[in-house]
Each structure stands twice: as C-alpha cells, then as structure tokens.
1. Compute the projected area of the convex hull of the Cα atoms of region A:318-457, averaged over all viewing directions, and report it in nm² to one decimal place.
2. Take the residue pairs A:K3/A:K28; A:K54/A:K82; A:K463/A:K502; A:K128/A:K218; A:K82/A:K132 and return only those whose Cα atoms are more than 25 Å apart.
3. Just how far, in whole angstrom, is region A:580-658 from region A:147-182 if you go by their alpha carbon centroids?
4. Using only the Cα atoms, work out Rg/Rh for region A:398-450, with Rh taken as the Kirkwood radius, to two decimals.
5. Quote the Stokes-Einstein diffusion coefficient, in whole µm² s⁻¹, for region A:208-308, based on the Kirkwood radius over alpha carbon pairs, a temperature of 10 °C and a viscosity of 1.306 mPa s.
6. For A:E37, put the label point 7 Å out on the Cα→Cβ axis and report which residues of region A:58-79 keep their amide N under 20 Å from it.
7. Would you mind computing Rg(Cα) / (2.2 N^0.38 Å) for region A:243-352, counting N as its residues?
8. I need A:T680, A:T525 ordered by Cβ neighbour count within 10 Å, fewest first.
Amino acid sequence: MVKVTVDGIEVEVPAGSNVLQACEAAGKEIPRFCYHERLSVAGNCRMCLVEIEKAPPKPFASCAYPVNDGMVVHTDSPMVRKARRGVMEFLLINHPLDCPICDQGGECDLQDQAVAYGTDRSRYEENKRAVKDKNLGPLVKTVMTRCIHCTRCIRFSTEVAGVPELGATARGESMEVGTYVEKALTSELSGNLIDICPVGALTSKPYAFVARPWELKKTDSVDVLDAVGANIRVDARGPEVLRILPRLNEDVNEEWLADKSRFSVDGLKRRRLDSCWVKRDGKLRKASWQEAFEAIAAKLAGLSGDRVGAVAGNLADAESMVALKDLMAALGSANLDCRQDGAALDASCRDFYNFNTSIAGIEEADALLIVGSNPRREAPLINARIRKRVLAGPFPVAGIGPEADLTYGVDWLGNAPAVLASLLDGTHPFAATLKAANKPMIIVGQGALARPDGAAVLAACWKLAAQTGMLGAEWHGFNVLHTAASRVGALDLGFVPGSKGKGLDAMLGGGVDLLWLLGADEFDTARIGAGTFVVYQGHHGDRGAARADVILPGAAYTEKNGTYVNTEGRVQRGQLAVYPPGEAREDWKILRAFSGFIDKPLPYDNLTAIRARLEQANPVFARTNVLPRFGCSDTAGPAGEPTALSGAPFRPFIENYYQTDPISRASPTMAECTETYMPTLRQAAE
Amino acid sequence: MDHAPRHAYITGMNIGTRISTWLHGRVVGRDAIGNVYYEDKHDHGGRRRRWVAYAGEPEASKVPPEWHAWLHYTTDAPLPAQGRRPWQKPHLANATGTPAGYRPPGHDYSGGKRAAATGDYEAWTPGT
C-alpha cells in the first residue's frame with residue numbers, strides 16, 4: 001500500500017494504482033473521457049489533469065501517472081482549473097453544438113463536464129471540422145463529427161468484445177475512428193459501445209430521436225433473453241418500453257449487456273396477445289376470460305389427471321411455474337416438463353444442472369474444456385468473462401464440438417463424443433492439462449445434452465470432472481451452460497415428470513388430451529397430437545399460439561414481478577415496468593384465477609404468499625441476488641451411462657443468435673440483424 | 001320585479017336571494033337565454049352592487065361576454081347586442097361534466113376509435 005495525500009486527505013492505495021484511482025479513493029471526482037475502469041489506459045483526452053507537488057511544474061494526466069509513496073496531489077488548484085478549462089476549450093473546438101438534436105443530450109459526459117469544468121463562452125470563430133458518418137450495422141448509429149477521439153470504442157472492441165474491427169486512421173485533426181473498410185460490427189456486445197461513448201458519436205440506431213432520458217421511468221429488472229440473468233434497467237415512457245440498459249453487477253454482467261437483450265425491446269410491442277381467443281368451429285375467435293375459462297373447464301370435465309399435461313417455456317417466471325405445477329397437482333397430473341429442447345438434464349441434484357463455478361469464478365479458473373457449446377452465441381456475457389480470463393494470463397481452453405470463433409484461442413479437439421471418451425481414459429493429451437491444473441473447469445452446453453445420448457454425455461462430463469479434480473471441497477468446476485432463463489428455476493421447482501408422469505415426448509403425439517403451454521414455443525408444435533386440446537398461455541403470438549385451442553394472454557418479462565434463476569443458480573427478481581397490454585394479466589394470477597374457476601383454488605392470493613410458496617418448494621428461492629459458492633460435497637454422478645456415447649457429431653445449439661425466443665422473433669431490429677449477420681439463414685427460411 | 005321572467009326569478013335564486021332581490025333589486029336587463037341582471041336600487045355611496053338571476057341551473061359560465069363585462073364593473077352598461085359581428089357565435093356555457101361535454105375521439109362514448117399514437121402495440125391475430 002502507498003500513502004498519498006489528495007487535497008489534504010490522506011489515503012492508502014495499492015502500489016501500482018494510478019493517481020486518478022487515488023483521487024477517487026479520497027472521494028475527489030476527476031473529470032475524464034478516455035479513462036474507463038474496465039479498459040486499458042489511453043491517456044489521450046487530457047481531461048483528468050491534476051497538480052502534483054515536488055514534481056515538474058506541469059499538470060499531470062492522473063489516469064496515466066502511477067502513485068508514489070508520499071505523493072501530494074491537488075485536484076482543485078488554480079493551475080488545475082485553468083488546465084482543465086483549456087483542455088475543454090480544445091475539445092469543444094471541433095465538437096458540434098448540436099446538443100438539441102443529439103440523442104446523448106441529457107446523459108452526455110461532455111455536456112456535464114463542459115458545464116462543470118469548462119468556460120462559459122467560446123473564443124473560437126473558425127470553421128469546425130466535419131467527418132463523414134460510418135455505417136456500423138443496424139444497431140450502432142454514428143455521428144462522427146461529434147467524436148472527441150477518446151478511443152474508448154476502439155479499446156472496447158479490441159479488449160472486451162474481442163473483435164478488433166474498430167480503429168483510427170490518420171492523426172491530429174484528421175484522425176477518424178472507423179472500421180477501415182465499411183462493414184457492420186460483428187460483435188454480440190456492440191450495444192455497449194453506445195454506453196461507453198462519452199459523447200453522442202455512437203448512439204443507438206433503433207432508439208434514435210425516440211425519447212430524452214428525463215422523460216423515462218427507470219425500473220430495475222433482470223434480463224430473460226438468455227440464461228445469464230444480466231441485470232438491466234428498463235426505461236419506459238407511458239405504456240411502452242423504449243430501451244433497456246445494463247445495470248452494474250460485478251458478479252453477473254459487470255456493466256455490459258448483450259445485443260439481443262438490449263435491442264429486442266421493439267419486439268415487446270408487436271404480435272402481442274391482448275385478449276383471450278377460443279377455437280370454435282375450427283377457427284380462433286376473440287373471447288372473454290369467462291368464455292376462455294369455460295372452454296378449458298368443459299374440456300377438463302371428466303378428464304383423468306394423467307391425460308392432462310403442462311410444458312413451461314423458456315421465458316417463464318418461477319411464480320407462474322410453481323402455480324402451474326400446483327394446478328397440475330390439483331388436477332392429479334404429474335405430466336410436467338420444462339426441457340422443450342429435449343436436453344437430458346438431471347434434476348435430481350442441483351450440481352448437475354448449474355453453472356457451479358459461477359460467472360465471476362471463471363476468473364479464478366486455470367483450464368477450461370467446452371463441450372458442445374458456443375458460449376459466444378449462447379451467452380455472450382459469459383464468453384466475455386472467459387475472454388477476460390484468457391487475457392489475464394495463461395489459460396488453456398479446449399473445445400469439443402463444431403468449431404467457432406469465440407474471440408479467443410480455442411484448441412478444438414474434434415467434433416465427436418469419442419474425444420470425450422479418450423479424455424476419460426486419459427489417452428488424450430488435454431486430460432493431462434486438466435489434471436495438472438489447480439482449478440480446472442468444464443462447460444457443458446445444451447448442444448451436448450439435447451441429443452439422444454445426452455444423458456451419457458452429461459454422465460461422461462461429470463465423470464471427467466471427477467477424474468480431473470474439478471469436484472473439490474473448495475472448487476466446483478462442473479458447469480452446465482443454459483440458454484433459457486426459466487430452465488434452472490424450473491428444475492429447482494421440479495418442473496419435470498413426477499412419478500409415473502410423462503415427459504415432453506410422451507405428452508406430444510397424443511399422450512395427453514389437454515396440454516397447457518406456459519409460453520412454450522421452442523419445440524415443433526406439429527408433434528402435438530391432432531386430438532390434443534392445447535391451452536397456450538403467453539405474451540406473444542408465436543408457434544404455440546398458432547396451434548392453440550384456447551389462448552390466455554399473459555405478461556412479458558417487463559410487465560410482471562417475476563423471479564428468475566440464472567444459469568449459475570442465482571435467484572433474481574425482475575420488476576414490473578409497464579402494465580400488460582389489453583386484457584393480459586400476470587401469469588400466476590391467471591393460473592390462480594383458473595384454479596378458483598374450477599373450484600380447486602390455489603392457496604395464494606398475493607405476491608408475498610406465492611413467493612412464500614416458492615421458498616417452501618425450494619429453499620434456494622429465499623436467497624435472492626447473492627450466490628454463495630459451494631464446493632462439491634458429493635461426487636456421485638448423474639443417472640446415465642458414461643460409456644454409452646454415440647458417434648454422432650455435436651451440432652450448434654443456436655443457429656441464429658438474434659432470434660431465439662418469441663420476443664426477439666417479433667422484433668424488427670432483430671430481424672434486421674439476422675439479415676445483416678446471418679444472410680444464409682434468412683435465405684434458407686425463405 | 002314585474003319585468004323579470006318568472007322562471008328565472010323562481011328557479012335561479014334561493015329564498016334568501018329572492019327576498020333580497022325583491023327588497024333591493026332593480027332589473028337592468030336580460031340576455032338571450034333569459035338570465036336576469038339586477039342592480040341595487042338604493043344608493044349607498046360607492047358603486048352599486050350588481051348580480052344575476054340565472055335562468056335554470058345556477059352556472060357562472062352562462063353569463064355571455066357582453067353581460068360579463070358589466071357584471072364585473074368593467075363597463076358601465078352591457079355591451080350593445082346590435083353591434084354583433086357575423087362571425088360571433090352565440091355564447092355557450094361550459095359543458096364540462098355534463099353529457100354535452102367534449103370527449104376525445106378515443107373515448108368510449110364517442111366511438112372509442114382514436115388515431116394511432118406512439119406507445120401503441122400491435123396485437124396478434126390468428127394467421128399472422
């Protein structure tokens with residue numbers, strides 16, 4: 001630790017810190033544009049100037065100057081103030097005065113700091129520089145004349161996103177930031193460029209000229225479009241959600257957010273289910289709640305419990321799933337399933353289906369094996385965390401599965417379960433690498449589990465983990481990477497076939513007479529038997545609604561108070577930002593109302609009561625937001641024969657990152673991204 | 001009192017005002033809808049009190065502008081009725097809160113169909 005005096009306040013900071021960090025530790029605010037905690041230091045904006053005693057008599061850029069013991073720093077001396085005012089004047093020379101038409105207006109670092117540290121008048125009477133705008137694809141809008149050359153975007157794309165596509169050409173006044181050859185940014189994290197840009201040079205294209213920050217009502221929530229559970233802020237005006245921004249959570253998403261989660265908001269306004277529909281004479285007709293409930297009750301009358309089944313979808317909240325499970329129990333049915341993709345997840349022990357290492361724990365690991373997963377497509381934020389670990393030092397990463405560019409070096413061992421077998425018997429050299437590591441980890445993707453021999457792959461991966469020292473008392477290196485936000489919560493609640501219950505495959509093809517789909521759209525609805533009466537409860541008209549006999553309009557994730565469990569097993573709560581459209585209601589309330597309608601009322605009438613029921617169903621629901629790390633206490637593996645591996649190669653689990661759920665499929669922005677980034681997929685669909 | 005239309009005198013005033021009007025009031029005139037305007041017939045020094053007996057429901061916005069000015073001592077006499085311009089419309093009382101009140105086109109009582117606005121969502125219909 002080093003002692004530094006900042007404006008008379010003595011602070012101790014770790015050796016190797018820079019002066020700016022010491023000033024922050026002393027509670028002094030230092031203006032800055034180029035410096036960012038999570039990026040390398042550039043030191044080119046010169047806004048963070050401070051005065052240091054017993055040093056050459058000049059202002060120092062505090063972000064790029066290391067602390068020394070006994071250093072005395074002044075952050076508010078006349079020299080510092082004058083220097084900052086001069087820097088601000090230079091920055092504003094070529095910055096257009098278009099704040100009234102700039103989307104950054106109101107949340108602009110340059111605006112704020114010009115007021116706080118600049119002068120109150122301009123002395124500049126020459127012509128301003130103008131720069132041609134660049135086309136960075138359908139998500140990021142550029143107004144390059146506003147750029148102040150802080151290079152944050154260049155450093156972000158190179159360091160965090162791992163796609164070194166942005167760069168600067170020329171120098172001095174002629175310097176321009178761009179992609180050299182015009183192209184769309186190929187990162188799933190490109191939306192974060194908008195957040196880190198301190199001025200309005202990079203703004204959101206879909207959100208351009210939509211709203212001002214002070215018009216928006218901000219609600220803290222949790223993202224559900226992948227299984228990472230990124231913390232988000234939902235910005236709404238009146239009844240519509242206008243944008244979604246990341247919220248700081250060091251353990252989950254740091255301060256980043258993936259593009260699908262950020263830009264799918266316009267899908268929340270399209271293809272919405274806003275009233276009940278009942279099929280009469282082969283045609284869906286609008287109906288009231290009473291008529292819809294009557295139609296379901298009429299079908300249920302005289303139906304035995306084992307002819308009724310329920311499937312939970314990928315975006316379902318835990319409250320509605322526990323209500324649906326209780327409703328099915330009241331009807332005498334154990335036919336439940338949440339694994340629409342047919343993944344062979346073993347719900348008997350929490351360790352078998354969780355990302356046990358935790359996302360932040362990736363940074364401690366020292367070897368990684370990825371099996372049947374493309375984390376860049378399935379969980380971009382976890383992929384960014386792995387990349388962060390790779391950059392931090394030696395970190396051997398190997399993969400079994402279809403080769404893909406994960407933005408860091410991966411040693412692809414081959415695309416066949418046979419490689420897993422050779423790792424198990426120790427003949428493969430990477431087995432030795434895993435054994436030699438102190439904290440090795442394995443990531444098993446849904447692509448490895450959603451196949452006929454999925455149970456064998458899961459058992460083999462667990463066995464490999466046990467053999468290579470991943471399952472210790474202090475360290476748990478076995479990880480299952482989910483892609484559905486509801487999946488871990490559903491498994492925690494036991495939303496899987498009970499004793500003598502039917503799984504998804506048995507329920508389809510006429511196994512049940514009444515099938516209740518809770519937002520379940522991710523399986524082929526043509527597999528549902530022709531005689532099966534389908535109740536679809538959800539918020540978007542998608543595959544499930546098209547097949548349904550009765551449609552009950554539910555709420556999307558921004559429209560309800562929901563509990564979600566992310567792939568790590570972290571319980572987080574989203575909050576209602578806007579009300580559901582039309583006749584739509586919160587999902588658990590629909591189920592509670594229906595249970596009352598058929599005289600089998602569920603024993604909860606409010607959010608507190610149903611959350612108490614959640615805790616009763618599984619104590620993990622009592623522990624929100626925090627995630628205690630456990631080692632592995634029991635190394636007994638999941639059911640499944642580790643040797644029964646088939647020879648079929650692994651297939652990519654997500655083909656199109658931008659459209660994986662009803663919300664993103666309804667979003668025009670995501671459709672545009674598909675067109676831009678996945679042109680072959682689109683041609684195939686046509 | 002003889003000049004006052006009977007209905008305004010009876011319905012537009014409560015009993016106290018009616019007695020007071022009978023004792024002190026002198027009719028100054030009446031407007032198109034039958035409101036009657038009074039002035040104190042006794043001179044107490046200073047300005048004479050002025051008041052109105054409403055035809056029907058007592059409602060201050062029934063007073064037309066030409067009498068409003070007189071009632072509030074802006075003018076000495078009501079504005080002449082014959083000086084009206086062709087573009088001047090007959091005075092209407094404030095109808096807010098009554099069935100005749102204005103309702104925007106999106107209101108259920110006026111058809112419930114409004115123009116598209118930002119914030120509208122697009123509902124799903126079968127077959128789309």
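A short reminder: the numbers here are calculations on the coordinates, not readings from a lab. Computed from a prediction, not measured in an experiment: that's the story for all the values here. Virtual Cβ from ideal backbone geometry, glycine too; neighbours counted across all protein chains shown.
1. On the way: hull surface 39.3 nm².
In nm², the orientation-averaged hull projection of region A:318-457 is 9.8.
2. Numbers: A:K3/A:K28 16 Å; A:K54/A:K82 20 Å; A:K463/A:K502 28 Å; A:K128/A:K218 37 Å; A:K82/A:K132 33 Å.
Exceeds cut-off: A:K463/A:K502; A:K128/A:K218; A:K82/A:K132.
3. Each part's Cα centre sits 43 Å from the other's.
4. On the way: Rg = 11.4 Å, Rh = 12.0 Å.
Across region A:398-450, the Cα-based Rg/Rh ratio is 0.95.
5. Values: Rh = 17.1 Å.
Estimated diffusion coefficient is 93 µm²/s.
6. Counting only backbone N, you get A:62-67.
7. Working: Rg = 19.1 Å, N = 110, 2.2 N^0.38 = 13.1 Å.
This ratio for region A:243-352 stands at 1.46.
8. Numbers: A:T680 8, A:T525 19.
Taking fewest neighbouring Cβ atoms as first place, the list is A:T680, A:T525.
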